[in-house]
Amino acid sequence: MSGSGEPSFSEPELRAMTPRRLLLVTGERGAAVAFCRGRLEFAEATWISTRAPKDAAVIAPPQAASLLGDEREVVIIDGFEGIPADALGIAGGCVPGGGLLVLLLPSIDPADAAFGHSAFMQRLVRMLVDHPAAEIVPAAPNSAIPPPVAPKGRVPAINVGDPTGATEDQRAAVDAVMHVVTGQRRRPVILLADRGRGKSAALGIAAARLLQGGCGRIVVSGRSRDSASRVFEHAKRLACDAARRLEWAPVETLLEAQMPCDLLLVDEAAGVPPADLSRLLARYPRIAMATTVHGYEGSGRGFLLRFGHVLDRLSRGWRRCEMAEPIRWPGGDPVERCLHDLLLLDAEPPPADPATGVDNCEFSVLDPAMLISDEAALRDVFGLLMTAHYRTRPSDLVRLLDDPGQQIHALRTGDREDGRIAGVVLIRQEPRPDQVLGRDILSGKRRPPEHVLAEILGGHAGMAFAVDHDFLRIQRIVVHPELQRRGLGSRMLNALSDSLAGMAVISGTQFSLSPGLVRFWQSCGYRPFHVGTRPSRFAGEVSGLFLLTGPDGTDDHLDAAKRRFTEQFAQSLPRDHRNVSPAVVAALLEGIPEYRQTPSNADLFTCATFCTGRVAESAVIASLARCALWGLAHGTLKEPELVVERILQGRRWMECDALSGEEGLRAGSARLRAAFSGLLASAAPEALAAAGGRLNPPPARD
């Protein structure tokens, strides 16, 4: 208590009690800037703008991600050239309790000519005007900023000095992370929270306490060292000396050479490619992760939906720890609610009708103009898109509403107008480029974003026919998570194909490859025409380009391109695609019917002699490769991933993911011989018999 008898609060307590404020400063731009200069703590304000005042601390919208994990008392976003949606989502997590988020706008009339080109801006302005969190202030000389709201409500249980955590949620999270070290191996924990709940701080507090207690080595990883700075800050605050032993290592370093450690902490795990996270889980037995549930970084729930099966497979049971109580601002913060509404940060899939099937759905086009007037439908669409790609960002909402080249198709259950949305397809027309642009694409001089398929096929794969065709590119396809495996995805693609009947348009798609997606697209009649050589920095896997093809003879250019890919892909595996997931390679090869032709008798006999142990693998590698392709195409090859990485990709035994840590050359060779022996026993027993018998079963594995 202070001498005046009034209660005194610490700064963290005041932040947790004082609402944040959202100001809309409207009018002519010069007047709005002058208003901010005269009424706000101008020197302390951070501007997000392409043309902020010279004496201001300014960040360009594309660089706004540098603010992630930081705190700024006043953030001013210049909306005179449109509100940068991603920057708005980032800024919303940077302003603490008692701080100001300021939007400069030319008008608060959604019909104003300044917003006429953007359905996103029309919706945003309309919602801001009606939202109780937004305070509208005209940029006029006699205008004043309304007085701030005094701290009110109960005194929060915020105590940053408590070594166990500042809130009950954070204390539970700290305990969960520490238990990863003290409990059984391979029982990871994932901290899930909206921004401002202290999940990164929980990692730091747990690390400090463990290091103080004698824990040997703790390593922190994630998207970047800067984005994980909060982990180190809180560890240092609690135990300065012990925190000096807390290490940072990029994901690439952890995967290239295993770093023995007692605990691996991964901050903002949704920002790490899923393939890399899977490898970390397999390699490091004690791991704790944190990720954002609803925020600019993406959807934590979508992350779990996509990554949960990996956790199930690679752990002995994992724990989810959710943190709901905010630390940096009051619970029920109106600004947080406003930003969630504006940017649909908390959009979820609609309720699923369990009776939904291919026969009771309608496939139709959704007009963006309809979506901005039907908030429920917009939330349904965006919620589904977030489950399909957990790194969906606010800028994707802008493209959904404003991109004139993008079409939105939806699968509705029941009535066409009132039924709930069960699936969504986003497509884009890519007309053939003009002659000059086509030549530049083929020569690699230009990579126009409006001709993605033509550029990849022509500029990268050398398929010149691509610049002479019109394409329809399928950008995203998603089916409600509870309605998958009912044929709804195929139903949407078939309906899309029917709508193109009679049109000289080639339907195609490009996506980061996974075994399930490869098999899905192949089952719908799409064939691979190109596979990239470098993993995507978002997904951690290479991408592939698939085109819808008809029977041979339908299109001579497509037939020639199919043959070219078939001939070249298998040959390129040891050189260009050596590090592609063997499960992905196996799925790609399974769908290529040209490999189903039975190998020559000489190849079959040579393979059989390898199975009996009479010849070394290196002496018959070409025959083994041809038999492997044959077995994959027929789906009769046992241990396809081991065969792919050893025979087709040419990996060394120590590089083969299909082998456990205890297995080496002897066990690997036995399993390889058994795989080919099983193939010949089912498809060419006479070759195996002629070579002199069968292989004894490989040694049992733990």
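The values are calculated or read from the model by the stated rules, or taken from the named source; none is laboratory data. Predicted model only: the values in this text are computed from it and were never measured. When we count neighbours, we look across all protein chains shown, and the Cβ atoms used for this are built from the backbone with ideal geometry, even at glycine. Keep in mind that these areas ignore ligands, DNA and RNA; they rest on the heavy atoms of the full protein, side chains included. Shrake-Rupley method; radii C 1.70, N 1.55, O 1.52, S 1.80 Å.
Some points to look at:
- With Cα atoms as the point set, segment 358-466 shows a radius of gyration and Dmax of 17.5, 50 Å.
- Each Lys and Arg contributes +1 and each Asp and Glu -1, all at the Cβ; summed about the Cα centre of the chain, the dipole is approximately 2340 debye.
- Close amide H partners of Asp346, meaning residues 5 or more places away or on another chain with modelled amide H under 5 Å apart, do not exist here.
- Partners of Lys638 within straight-line reach, counting aspartates and glutamates whose Cα lies under 15 Å from its Cα and excluding those fewer than 8 residues away in the same chain: Glu590.
- His179/Glu482 FRET efficiency (R0 56 Å; Cβ-Cβ; nearest 0.05): 0.95
- Once the Cα atoms are used to define both axes, helix 375-388 deviates from the longest principal axis of the chain by about 50 degrees.
- Structure-based [θ]222 nm, the chain - -39500 (n - 2.57) summed over DSSP H runs of at least 4, per residue, nearest 500: -11000 deg cm²/dmol
- Between helix 621-634 and the chain: long-axis angle, C-alpha atoms, 0 to 90°, nearest 10: 70
- Segment 386-471: relative contact order as a whole-number percent, Cα under 8 Å and 6+ apart: 21
- Per residue Cα convex hull volume in Å³ - calculated over segment 206-278: 80
- Segment 440-501 and segment 552-620 have their alpha-carbon centroids 25 Å apart.
- Summed over the residues of the chain and divided among them, the accessible surface reaches 43 Å² per residue at a probe radius of 1.4 Å.
- Global form of segment 450-564, assessed from the alpha-carbon gyration tensor, a/c cut-off 1.5: oblate
- Sparsely packed chymotrypsin sites (Phe, Trp or Tyr not before Pro) within segment 508-585, loop by DSSP, other Cβ within 10 Å at most 15: Phe538
- The share of accessible area on the chain that comes from carbon and sulfur is 50 percent, using a 1.4 angstrom probe.
- Amide hydrogen neighbours beyond the local backbone of Ala422, cut-off 5 Å, H modeled: Leu411, Arg412, Thr413
- Furthest towards positive pole of dipole, Ala674, Pro368, Pro106, structure part the chain, Cβ charges: Ala674
- Note, ³J(HN,Hα) from phi for segment 574-589, Karplus 6.51, -1.76, 1.60, rounded to Hz, x at Gly and Pro: x, 9, 9, 10, 5, 9, 5, 3, x, 5, 5, 4, 4, 5, 4, 6
- When you filter the GluC sites (Glu not before Pro) in segment 27-93 for DSSP loop state and at most 15 other Cβ atoms inside 10 Å of their Cβ, you are left with Glu28, Glu41, Glu71, Glu73, Glu81.
- Estimated vicinal HN-Hα couplings, Hz - segment 26-40 in sequence order (Karplus 6.51, -1.76, 1.60; Gly, Pro = x): 10, x, 5, 4, x, 5, 5, 5, 4, 4, 5, 5, x, 10, 10
- Put the Cα centre of segment 319-381 next to the Cα centre of segment 215-229 and the gap is 32 Å.
- Cα gyration tensor, the chain - rounded (a/c under 1.5), prolate or oblate: oblate
- In this calculation the C-beta distance from Thr164 to Ser536 is compared with R0 = 45 Å, giving a FRET efficiency of 0.65.
- Qualifying trypsin sites (Lys or Arg not before Pro) in segment 308-387, where qualification requires a DSSP coil assignment and no more than 12 other C-beta atoms within 10 Å, comprise Arg316.
- Degrees, to the nearest 10: 168-182 long Cα axis against longest axis of the chain: 30
- Extension gain for the segment Glu81 to Gln435, taken as residue separation times 0.36 nm less the Cα-Cα distance, is 124.0 nm to one decimal.
- Amide proton proximity set for Ala57, modelled H, under 5 Å, gap of 5+: Trp47
- Multiplying the residue separation of Glu567 and Met503 by 0.36 nm and removing their Cα-Cα distance gives an extension gain of 20.1 nm.
- On the beta carbon distance between Arg320 and Trp653, with R0 = 41 Å, the FRET formula returns roughly 0.65.
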